[in-house]
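S.K.: One structure coming up, written as structure tokens, with questions to follow.
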Amino acid sequence: MDRVEQISVFLENKAGRLAEVTRILADAKINIRALSLADTSDFGILRLIVNDNAKAKEELRKNGFTVGKTDVVACEVNDQPGGLHHILKILQKANVNVEYMYAFVQQSGHNAVLIFRFDNLDDAVKVLKENNVKVIPGEKLYTI
Amino acid sequence: MIYNIEYETLPREALEAVQLRRLQETVERVYATVPFYKRKLDEAGIKPSDIRSLQDLKRLPFTTKQDLRDNYPYGMFAVPMENVVRIHASSGTTGKPTVVGYTARDLQTWAELIARSLSAAGVTSGDIVHNSYGYGLFTGGLGIHQGAELLGASLIPVSGGNTKRQILIMKDFGPTALTCTPSYALHLAEAAAEAGIKPGELSLKYGVFGGEPWTEEMRKEIEAKLNLSAVDIYGLSEVMGPGVSVECREAKQGLHVFEDHFIPEIINPVTQEVLPNGAQGELVFTSITKEACPLIRYRTRDITSLDRRPCICGRTFVRMRKVSGRSDDMLIIRGVNVFPSQIESVLMEMKEVEPHYQLVVNREGTLDTLTVLVEVGESVFSDEVRYLQAIEKKIAKNIKELLGVSANVKLVEPKSIARSEGKAQRVIDNRKF
């Protein structure tokens with residue numbers, strides 16, 4: 001599988017809401033692999049990749065959060081100047097639009113992991129692979 | 001000045017004789033021409049000939065907003081359409097408006113009531129009236145318009161909106177009277193101040209404000225900022241439009257009900273019993289001269305009380321206290337009637353959202369603001385900000401289209417809207433009246 005499951009959580013722009021999510025995940029012994037937060041003046045969307053999606057979703061829902069699920073693509077680049085640009089150039093050439101993205105650096109090794117949300121995931125994966133970009137399968141990312 | 005000195009100062013006994021005769025005629029007419037009233041009276045076992053004194057009024061059945069809705073659009077008309085010369089409408093809970101018609105004589109009556117109201121505020125034929133009530137289906141604009149013309153004043157039909165142009169006209173045309181909703185009057189006052197106009201610089205002397213509840217504090221503020229004398233005017237389209245009652249500028253203590261055209265009662269909204277003099281309750285009107293759509297004991301849902309003590313102005317008409325609230329959940333926002341159920345119907349029609357909502361009304365500065373909180377369930381939720389913002393925009397647009405009111409829509413977490421005993425609190429009104 002070339003796709004990674006990401007969960008997203010709706011948050012009101014109020015003090016303590018993010019901490020409430022992390023408390024629920026901590027209590028459930030769920031490890032967060034990567035996250036990003038998009039916000040507007042009155043609400044935010046927290047996007048998470050965790051080691052146990054089903055359990056995380058269940059626990060958050062139980063606590064009254066609205067939780068969504070989206071497939072994203074993770075790929076690996078060398079952690080050096082121009083790493084991200086190299087990939088974006090490929091996508092731009094192929095006219096693939098990025099809805100949003102975020103990144104984190106792996107502790108082990110010298111690579112950075114980029115998480116992409118595409119409109120058309122299959123086409124994007126095809127373009128990346130054709131250009132020899134390393135796409136990380138979900139199972140591998142959850143257990144990094 | 002008293003416009004119709006004969007009627008407006010009729011001694012009580014003579015007034016009641018006029019009322020009884022007009023009531024009897026009205027009941028006879030609606031029984032003969034409006035199937036709804038024939039059925040209602042038959043069900044209550046009352047014949048028009050049973051109305052022998054004003055005391056018999058309380059034996060007649062009530063008319064509610066729901067009855068008007070059930071007979072949408074023309075079912076309550078008591079005259080053939082060829083006799084109807086004007087149709088107005090007000091917003092209703094289901095999105096369908098409440099429709100009212102006027103015969104030529106109804107329009108004459110209405111114009112006289114407005115002429116009386118403007119006179120009670122101090123306006124004379126020598127005045128220039130700046131009319132900022134909205135023109136259209138709403139009764140405010142055209143109602144004031146024809147009354148001011150009957151009075152002989154010089155009327156400027158400005159209508160609502162375009163504050164800049166309003167200020168220009170107020171400055172250059174030299175109006176001496178202003179008619180609009182009280183919140184809009186305050187808005188204009190502030191806009192004038194921002195434009196560098198000092199209170200004494202405008203030629204305004206009188207203000208006739210209504211269409212929404214307002215406080216004594218607001219009156220003081222408007223009077224100081226616009227340097228005029230302000231009175232409250234009351235009315236509802238179902239009964240006539242503005243000009244059902246008005247304050248006199250001599251006392252400014254309660255609104256004189258034009259009792260030669262409307263009989264007011266105060267009832268307990270729960271038991272529907274008529275309450276004694278001076279008690280606070282729901283205001284009920286029977287129109288006794290209207291031809292096109294007379295209403296018997298129409299429940300206004302407005303909460304007030306009646307004061308029968310004589311007034312220093314000389315008018316003998318009873319005074320109703322400024323309306324202090326509603327016996328249902330209707331909100332008046334910038335002069336527009338808004339029912340929570342209307343917002344609910346907007347949300348229900350949008351498949352994406354669930355109808356878990358709350359309305360928060362604030363008065364920011366001088367303008368009422370409506371914020372609609374909508375809970376985000378999983379059917380609406382997306383991981384993309386622009387999708388959620390598009391939903392907020394779409395809800396606001398649909399509300400604006402149906403209700404004509406701009407709303408600020410905010411998405412909130414599920415279950416974050418306070419529920420008491422499982423029922424969501426639908427309305428938080430932070431305005432102080």
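S.K.: Out of all the residues in the range B:303-323, is one or more at pLDDT 95 or above and farther than 28 Å from B:ILE2 by Cβ?
M.R.: Scanning the range B:303-323, I find no residue that is at pLDDT 95 or above and farther than 28 Å from B:ILE2 by Cβ, so the answer is no.
S.K.: Could you tell me whether B:GLU364 is over 30 Å from A:GLU99 (Cα atoms) and surrounded by fewer than 18 Cβ atoms within 10 Å (Cβ to Cβ)?
M.R.: The answer is yes for B:GLU364.
S.K.: Follow-up. Considering only residues that are modelled with pLDDT under 95 and closer than 24 Å to B:LEU255 by Cβ, which ones fall in the range B:90-121?
M.R.: Scanning the range B:90-121 gives B:SER90, B:SER91, B:THR98.
S.K.: Restricting the search to the range B:110-142, which residues are of a type in the set (Ser, Thr, Tyr) and either within 16 Å of the chain's Cα centre (by Cα) or surrounded by fewer than 20 Cβ atoms within 10 Å (Cβ to Cβ) (or both)?
M.R.: Selection gives B:SER117, B:THR124, B:SER125, B:SER132, B:TYR133, B:TYR135, B:THR139.
S.K.: Can you tell me which residues in the range A:24-60 are among the polar types (S, T, N, Q) and assigned to a helix (DSSP H, G or I)? Talk me through it step by step, then tell me what you get.
M.R.: Here is the first cut: in the range A:24-60, the residues among the polar types (S, T, N, Q) are A:31, A:36, A:40-41, A:51, A:53.
Answer for the range A:24-60, where residues must be among the polar types (S, T, N, Q) and assigned to a helix (DSSP H, G or I): just A:ASN53.
S.K.: Tell me whether the range B:336-346 contains one or more residues that are farther than 30 Å from B:VAL284 by Cα, over 22 Å from the mean Cα position of the chain (by Cα) and not assigned by TED's automatic domain parsing to the domain that holds B:LEU306.
M.R.: yes
S.K.: May I pose another question? State the number of residues belonging to the range A:50-68 that are at the interface with another protein chain (Cβ under 10 Å from one of its Cβ atoms), buried (at least 19 other Cβ atoms within 10 Å of the Cβ) and over 17 Å from the mean Cα position of the chain (by Cα).
M.R.: Matching residues across the range A:50-68 total 2.
S.K.: Any idea which of (1) part of a strand (DSSP E or B); (2) more than 14 Å from chain B (Cβ to nearest Cβ); (3) without any contact (Cβ under 8 Å) to a residue 40 or more places away in the chain is the one A:VAL96 doesn't satisfy?
M.R.: Of the numbered conditions (1) part of a strand (DSSP E or B); (2) more than 14 Å from chain B (Cβ to nearest Cβ); (3) without any contact (Cβ under 8 Å) to a residue 40 or more places away in the chain, the odd one out for A:VAL96 is (1).
S.K.: Hey, among the residues in the range A:69-103 that are among the aliphatic types (A, V, I, L, M) and within 30 Å of B:VAL412 (Cβ to Cβ), which one's surrounded by the most Cβ atoms within 10 Å (Cβ to Cβ)?
M.R.: We begin by selecting, within the range A:69-103, every residue among the aliphatic types (A, V, I, L, M); these are A:72-74, A:77, A:84, A:87-88, A:90-91, A:94, A:96, A:98, A:101, A:103.
Checking which are within 30 Å of B:VAL412 (Cβ to Cβ) leaves us with A:72, A:98, A:101.
On the way: A:VAL72: 24, A:VAL98: 16, A:MET101: 17.
The residue in question is A:VAL72.
S.K.: Can we say B:LEU367 is among the aliphatic types (A, V, I, L, M) and in contact with a Lys or Arg (Cβ under 6 Å, 6 or more places away or on another chain)?
M.R.: The answer is no for B:LEU367.
S.K.: Determine, yes or no, whether B:SER345 is under 23 Å from B:ARG431 (Cα atoms), surrounded by fewer than 19 Cβ atoms within 10 Å (Cβ to Cβ) and more than 12 Å from chain A (Cβ to nearest Cβ).
M.R.: Criteria not met by B:SER345.
S.K.: Could you tell me which numbered condition B:GLU354 fails, if it satisfies all but one of (1) modelled with pLDDT of 85 or more; (2) within 12 Å of chain A (Cβ to nearest Cβ)?
M.R.: It fails just one condition, (1).
S.K.: Another question, if that's okay. Quick check on my filter: what residues within the range B:154-180 are part of a loop (DSSP other than H, G, I, E, B), out of contact with any Asp or Glu (no Cβ under 6 Å at 6 or more places or on another chain) and either among the small types (Gly, Ala, Ser) or closer than 18 Å to B:GLY126 by Cα (or both)?
M.R.: B:PRO157, B:SER159, B:GLY160, B:GLY161, B:PHE173, B:GLY174, B:PRO175
S.K.: Of everything in the range A:115-143 that's over 19 Å from A:ASN53 (Cα atoms), crowded, with 16+ Cβ neighbours inside 10 Å and free of Cβ contacts under 8 Å to residues at least 60 places away in the same chain, which residue is farthest from the other protein chains (Cβ to nearest Cβ)?
M.R.: Once the filter is applied, the top-ranked residue is A:VAL133.
The values are calculated or read from the model by the stated rules, or taken from the named source; none is laboratory data. Treat the numbers as computed from the prediction; the structure is a model and nothing was measured. Reconstructed Cβ throughout: ideal geometry from the backbone, glycine too, with neighbour counts over all protein chains shown.
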